[in-house]
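Colleague: Take a look at this one; I'll ask things after.
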Amino acid sequence: MKIDVDHVAKLARLGLSDIEQETFGKQLGDILKYADNLGKLDLKDIPSTSHAIPMKNVMREDIVEKCEDIKSILANGPEVENNMFKVPRIIE
């Protein structure tokens with residue numbers, strides 16, 4: 001299998017020498033050729049899945065609570081102004 005290693009290297013922002021392109025091109029081709037073996041498997045009775053293990057949502061309901069300790073929270077910020085964190089401007 002022929003791989004356009006120069007294109008892949010540009011996407012990954014890698015500068016490869018001609019020797020590296022040849023070496024990695026052969027290695028990538030071998031990897032993809034081996035991965036083609038997956039197409040030979042009989043998977044008709046295997047259900048589709050997105051994860052190897054069962055996943056569950058770990059989100060919780062948002063609960064609004066009154067914060068009594070604003071002073072200690074603001075102590076974690078580098079700069080405070082009018083009881084709010086002051087951050088550097090990022091939009092001109």
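The values are calculated or read from the model by the stated rules, or taken from the named source; none is laboratory data. Not measured: the values here are computed from a predicted model. Glycine gets a Cβ as well: all are built from the backbone with ideal geometry, and neighbour counts include every protein chain shown. Quick note on the areas: whole protein, heavy atoms, side chains included, nothing else; ligands and nucleic acids left out. Shrake-Rupley method; radii C 1.70, N 1.55, O 1.52, S 1.80 Å.
Colleague: Tell me whether the chain comes out rounded, prolate or oblate; compute the Cα gyration tensor, take square roots of the eigenvalues as a ≥ b ≥ c, and use a/c under 1.5 as the rounded threshold.
Modeller: Working: a/c = 5.37, a/b = 1.72, b/c = 3.12.
Verdict is oblate for the chain.
Colleague: Got the relative contact order for the chain handy, in percent, Cα pairs under 8 Å and 6 or more residues apart? Walk me through the numbers on the way to the answer.
Modeller: Numbers: 32 pairs, mean separation 16.1, N = 92.
Over the chain, the number comes to 18 percent.
Colleague: Next question. Calculate what fraction, in whole %, of the accessible area of the chain sits on carbon and sulfur atoms when a 1.4 Å probe is rolled over the protein chains. Provide the component values of the computation, followed by the final result.
Modeller: Values: 5530 of 9620 Å².
Carbon plus sulfur share of accessible area: 57 percent.
Colleague: Along the charge dipole of the chain, Cβ charges K/R +1 and D/E -1, which of Ile46, Leu14, Phe85 sits furthest on the positive end?
Modeller: Result: Ile46.
Colleague: Would you give the gap between the C-alpha center of region 70-89 and the C-alpha center of region 1-58, rounded to a whole Å?
Modeller: The distance from the Cα centre of region 70-89 to that of region 1-58 comes to 46 Å.
Colleague: Would you pull out the residues with amide H under 5 Å of Val80's amide H, same chain only if 5 or more places away, H placed 1.01 Å from N?
Modeller: For Val80, whose amide H was placed from the backbone, the distant partners under 5 Å are Lys86.
Colleague: Expressed as an acute angle from 0 to 90° and rounded to the nearest 10, what is the orientation of the C-alpha long axis of helix 18-35 relative to the principal long axis of the chain?
Modeller: Orientation of helix 18-35: about 90 degrees from the principal axis.
Colleague: Rolling a 1.4 angstrom probe over the protein heavy atoms, how many square angstrom per residue are accessible across region 13-52? Please list the in-between numbers first.
Modeller: Working: 3910 Å² over 40 residues.
Per residue, region 13-52 has 98 Å² of solvent-accessible surface.
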